[in-house]
1. Viscosity 0.890 mPa s, temperature 25 °C: give me the Stokes-Einstein translational D for the stretch 2-205 in µm²/s, with Rh taken as the Kirkwood radius over C-alpha pairs.
2. For a quick protection proxy, order the peptides 251-262, 102-113 by their average other-Cβ count within 10 Å, most packed first.
3. Of 168, 309, 280, how do they rank once you tally other Cβ atoms within 10 Å and put the fewest first?
4. Could you work out how far the C-alpha centroid of the stretch 187-253 sits from that of the stretch 1-72, in angstrom?
5. Which of the trypsin sites (Lys or Arg not before Pro) found in the stretch 1-95 are loop residues per DSSP with 11 or fewer other Cβ atoms within 10 Å of their Cβ?
6. P(r) for the stretch 1-81: what percent of alpha-carbon pairs falls in each 10 Å bin, starting at zero?
7. Two-decimal Rg/Rh of the stretch 169-288 from alpha-carbon positions, Kirkwood Rh?
8. Using each residue's phi in the stretch 31-42, evaluate 6.51 cos²θ - 1.76 cosθ + 1.60 at θ = phi - 60° and report the 3J(HN,Hα) Karplus result to the nearest Hz, with x for Gly and Pro.
Amino acid sequence: MWDLLSSHTVQTVLMGAVFLGLISGALGAFAVLRGQSLLGDAVSHAALPGVALGFLVAGGRELGAVLIGATLSGGLAALSVMLIVSRTRLKPDAALGVVLSVYFALGVVLLSHVQSQSGAASAGLSGFLFGQAAATLRSDLWIMGGLAGFALALIAALWKEAKIVSFDPDYARALGLPVARVQAALTVMVALAIVAGLQMVGVILMVALLIAPAAAARQWTRSLAGMVGLSMGFAVVAGVTGALISASARGLATGPVIVLVATAIVLLSLAFAPERGLLDRALARRARTRSLRADQVLGTIHALARSHDDPAYKAELGMLRARHAAATGPALARLTARGLVREVAHPPETTPHWQMTPEGQARAEALREGRGRDD
């Protein structure tokens, strides 16, 4: 492991993964909250023509020029979606489909043109489709770090406005906030996040790193600050872990491995997150079912007591089993543990009998009154 970490290339890739995790995690949280996950997909595909144009303008594979071109192309695509939705009757999904298809088709045409030129085929522009982390240079880290710093600073400056617009744009309009401008700024920042990941993850897979950590973080917290922080942490963990796995196993592409790690984090969050996780919800549902069955058994004992006009009526176990079958035993055990019923003798009968305690009578009366109000 130490030999791996001492590698200059691995160190560069890990630092790039950290920068990428910070920017994609923070901006992905706002994209998820605003229901714009598909917008990230459209912007990532729309960045491809900018990549090709940046190469043509710079006359070579200059990362700064490529990223500027991708930013302009992706930002223009995102604004195009907003313009189509606001000026036409097309729904957002249709607008996203149109913009994604047109821009990506244009990008493929330009990429084919660039690679057909002399010497351009070795430039490795096709690596921007799926990422080429090993080609990251220390000089590229300054660009990625600058993008991350700019995006995080902009989020901090617009935090209050972005929070209100993300959760309730109508309320934001009522407060007089420039909703359209804030949404445009957030959309352009999503393009920045995607552009920052072109080198490592590529235009095809970058949307996964943008959305997956935010989706995982959403399962663990209810606050925006907590979601943004967790999303950044998950994205950094996915980036660093994926880069290490890729570096330790020969022939594994870094970008896809990072996306697979991020997907694993999402699956674990969906399964084990408190309250919202599948396991916790299943346990809570099971507890509610057991509580309901116990209340039903208690209600039966109470109904028998009322029918005999005897609050201390002793209900025979067989009678309860005839009504509630296999649920009777666990329900009585639960009621006993809660101090709502107790097992009593009823000579000359030798079978078990159950009697409500004063607390059980109060609980049964409350349940009965509650059903009466519902009716």
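Where a number appears in this text, it was derived from the coordinates with a stated rule and is not lab data. All values derive from a computational prediction rather than experimental measurement. Here Cβ is always computed from backbone atoms with ideal geometry, including for glycine, and neighbour counts include all displayed protein chains.
1. Calculated translational D: 140 µm²/s.
2. Working: 251-262: 21.3, 102-113: 16.9.
Going from most to least packed, we get 251-262, 102-113.
3. Working: 168 12, 309 7, 280 15.
Least to most surrounded, the residues fall as 309, 168, 280.
4. 10
5. Numbers: sites: 34, 61, 87, 89; in loops: 34, 61, 89.
Of the trypsin sites (Lys or Arg not before Pro), the ones in loops of the stretch 1-95 whose Cβ has at most 11 other Cβ atoms within 10 Å are 89.
6. Computed distribution, short to long bins: 17, 33, 32, 16, 2.
7. On the way: Rg = 17.5 Å, Rh = 16.1 Å.
Here Rg/Rh amounts to 1.08.
8. Values per residue, Gly and Pro as x: 5, 5, 5, 8, x, 10, 4, 5, 5, x, 5, 5 Hz.
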